[in-house]
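**Q** Before I ask anything, here is the structure I am working with.
Just so it is clear, none of the values below were taken in a lab; they were calculated from the coordinates. The structure presented is a predicted model; accordingly, all values stated were derived computationally and were not measured.
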Amino acid sequence: MTLAQHIDPSTTVDITPEGSDYETVRRVIEMLTLDYRDQPSLELIAERMGQSPTLLQKVFTRWAGLSPKAFLQAVTLDHAKRLLGHDNLPLLEASLELGLSGPGRLHDLFVTHEAMSPGEWKARGAGLTIRHGYHASPFGRALVMITDRGLAGLAFCDAGEEEACFDDMAKRWPAANYVYDLEATAPYAGRIFDPGQWCRDQPLRVVLIGSDFQLRVWEQLLRIPLGRAVTYSDIASDIGQPTASRAVGAAVGRNPISFVVPCHRALGKSGALTGYHWGLTRKRAMLGWEAGKG
């Protein structure tokens, strides 16, 4: 389905809802199409519709086929393509025009993801070919790992630590077939770390390989806007497991796609930076780098 189909109410709602549900869906589509620059939250949309966020999410998703947030992203992305392509606006100007905090947030919008099935994860990578290579980055040596479905791993190390870094990542999927391929991984490194290569037409595809619980945590990390930070307890509440802060922390630490899936934006309960799998210095550097880009 194209973005134009997402945005056109006549094609988005393929089964006409009846009564108040129809009116709710119509009003939400109108609001998001007209007010996309405000990037309204689900809570704000629900307040304007006079409904609870949970009910609104359920009704809209049932009839529109995607959530209000996903619809808003489709609208915003469609406008982004027009501004960056046809209107040829610079990246920063386009970001501000779209109501985003800056080019870093626009980059977040151009990242999409899919999750491998629990069965594929339990197979520990069997039947999976992972190509990998080391590249320069603002945060030291970057180990980039890809599959035919997208970016699967991103790790960091200092010079001389490459073997230990690879071993740490490879033990997550020990049955996979690993191929060293700089030519294949270089384009990913370029898109991730060079704002000039952030692609407006084809979002950077990320494939998440983990347990059901880990996937829920990592997907929640992807929702943290650039320039923001949340606590492990916030994430636990957001995924409906308010008492699972410790388990959330463990899942954050196991995030295989550092920086792109922004585990560096997750903090301890007190707001302290706490630990980071690739070192607190890198975590501080990432947050500072993003502050400069935003």
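**Q** With the convex hull built on the Cα atoms of the range 113-293, state its orientation-averaged projected area in nm².
**A** Hull-based average projected area comes out at 10.1 nm².
**Q** Taking 0.36 nm per intervening residue step and subtracting the Cα-Cα distance, what contour gain separates Arg228 from Lys171 on full extension?
**A** Length difference between fully extended and current span is 17.4 nm.
**Q** Going by amide H atoms built from the backbone, whose H comes under 5 Å of the H on Phe259, apart from near neighbours?
**A** His264
**Q** Taking H as built 1.01 Å from N, whose amide H comes closer than 5 Å to the amide H of Gly210, not counting residues under 5 places away?
**A** The list, which skips near neighbours in sequence, is Met116.
**Q** Which far-off residues, 5 or more places away or on another chain, put their amide H under 5 Å from the one on Leu267, with H placed in the peptide plane?
**A** Val230, Thr231, Tyr232
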